[in-house]
Amino acid sequence: MSHFSRRSVLGALAAPLATVTLAAPARAQSDYPNRPVRVIVGFAAGGGNDIFARLVGAKLSDLLGQPVVIENRPGAGGRLSAEYVSNQAADGYTLLVGAIGAMSIAAAIYPDLKYHPTKTLTPLAMIGTFPLILAAGSDDPSRNVKELVEWAKQHPDKANYPSTSPLFTIAMEQLKLKSGMPGVMIPYKSSNEMVLSVIEGQCLSTIVDPPPAVPQVKAGKIKALAVTGAERLAELPDVPSMAEAGYPSVDMQAWSGVFAPVGTPAPIVAKLEKTLSQSIRDPDVAAKLKNLAVTPGGGPADDFRRIVENDIVKVREVVKAANLRFEE
């Protein structure tokens, strides 16, 4: 047999093998998912992100026809779970529920972060957003944000504020930058403790998430002066937005969303984007999110990606202007 003939025969034998090799990943994508999908949450069971994951995961399981298993991996404000998912196989079987703190904020303030929300991870869907609440003690004489700012300027030694995370610190520093309000951050361990510090007069005011604040506002133990952003909060319809209060640039919003490892095949990403959006916008799921003071998300993944990237830029600007330092 000539050299040419041997090459022809070998090529003919190799061609079917190549076809089989190429077809295997295609089949894996077309029948996705054919086994349970894990959703990693970087916080303990019972917290906000865990609740979001379980609400959306139950509906996602129905749509995908496979179990969706919620796995809690708390630590470092959600950063450990984000790093973990970044290092998992990009096959659509390990997803992450990530919040703004471990995603955009961490990417903006920690230079040695071992993951990135849009470079090692792929944003799939926004679960929901919610504003933060600026609150003061019920005995505080301030009737609105401008009066609080003026009182703080006149009593700078009493203008402390509590914080448990970079999110709350950055939101308050954003207000300070835009208003000239003084204030020193006092660290606390939980949002409930932040609210209590204002009730007991240890701190002048706080910017905090709705769950621990709304019940205390309704009980008359603290008063809400504004919510961050341009829209009012449905649970506190009489409380103006920061835009209405005269500070439209104080717009830090909290959010939570679903991510996959970067490199996940496009057909799987497209299927997850579609089914996650359907899950989040399901009337029952959306109603439960609204009951938690969360505006349901869903919608195109590209829109979510833009929010993630824009928040990184916004946070970096505040951190630089306020000369903030955070320990990882």
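The values are calculated or read from the model by the stated rules, or taken from the named source; none is laboratory data. Computed from a prediction, not measured in an experiment: that's the story for all the values here. Cβ: placed from backbone, ideal geometry, glycine included. Neighbour counts: every protein chain shown. Please note that ligands, DNA and RNA were not included when accessible areas were found on the heavy atoms of the full protein model with its side chains. Shrake-Rupley method; radii C 1.70, N 1.55, O 1.52, S 1.80 Å.
Worth a mention:
- Centre separation in Å (Cα based) which lies between region 35-111 and region 258-328: 12 Å
- Using C-alpha pairs below 8 Å separated by at least 6 residues, the relative contact order for the chain is 24 percent.
- Proximal charge balance of Asn49 [Cβ under 14 Å; K/R count +1, D/E count -1]: 0
- Candidate lysines - alpha carbon under 24 Å from Lys59, same-chain residues fewer than 8 apart omitted: Lys271, Lys274, Lys288, Lys290
- Size descriptor, Kirkwood hydrodynamic radius, that averages inverse alpha-carbon separations across region 141-268, Å: 15.6 Å
- Springs join every pair of Cα atoms under 10 Å in this Gaussian network model of the chain, and among Ile207, Ile222, Ile127 the largest mean-square fluctuation is at Ile222.
- Neighbourhood net charge (11 Å Cβ-Cβ; Lys/Arg +1, Asp/Glu -1) for Ser241: -2
- Helix-only arithmetic for the chain: the sum of -39500 (n - 2.57) across DSSP H runs with n ≥ 4, divided by the residue total, places the mean residue ellipticity at 222 nm at -14000 deg cm²/dmol.
- Projected label points at Glu317 and Lys146, each 7 Å from Cα along the beta carbon direction, are separated by 2.4 nanometres.
- Val313 accessible area, 1.4 Å probe, all protein chains in place, Å² to nearest 10: 80 Å²
- Sequence-distant residues sharing a close amide H with Leu225 (under 5 Å, placed H): Leu134, Ala135, Ala136
- Near Arg79, once Lys and Arg are set to +1 and Asp and Glu to -1 for all other residues with Cβ below 13 Å from its Cβ, the sum equals -2.
- Coarse-grained scattering of the chain at q = 0.09, 0.14 Å⁻¹, given as base-10 log I(q)/I(0) from a Debye sum over alpha-carbon atoms: -0.51, -1.06
- Alpha carbon convex hull of region 234-295, projected area averaged over orientations, nm²: 6.1 nm²
- Nonlocal amide H pairs with His116, under 5 Å, H built at 1.01 Å: Leu121
- Within the accessible area of the chain, the carbon and sulfur atoms contribute 55%, probe 1.4 Å, all protein chains present.
- Looking at the chain alone, DSSP beta bridges between its own residues are antiparallel in about 65 percent of cases.
- The calculated FRET efficiency for Leu177 paired with Lys288, based on their beta-carbon distance and R0 = 45 Å, is about 0.80.
- Distances between placed amide hydrogens fall under 5 Å for Ala125 paired with Val258, all partners being 5 or more residues away or on another chain.
- Contour minus Cα-Cα distance for Lys153 and Lys119 (0.36 nm per residue): 8.0 nm
- Distance between modelled label sites at Arg281 and Asn34, nm, 7 Å Cα→Cβ extension: 3.1 nm
- Proximal lysine pairs, region 139-242, alpha carbons under 15 Å, eight or more residues apart or interchain: 6
- Per-residue HN-Hα couplings for region 207-220 [Karplus 6.51, -1.76, 1.60; θ = phi - 60°; Hz; x = Gly/Pro]: 10, 9, 6, x, x, x, 8, 4, x, 6, 5, 5, 7, x
- Heavy-atom accessible surface of Ser249, to the nearest 10 Å², is about 60 Å², with a 1.4 Å probe and all protein chains retained.
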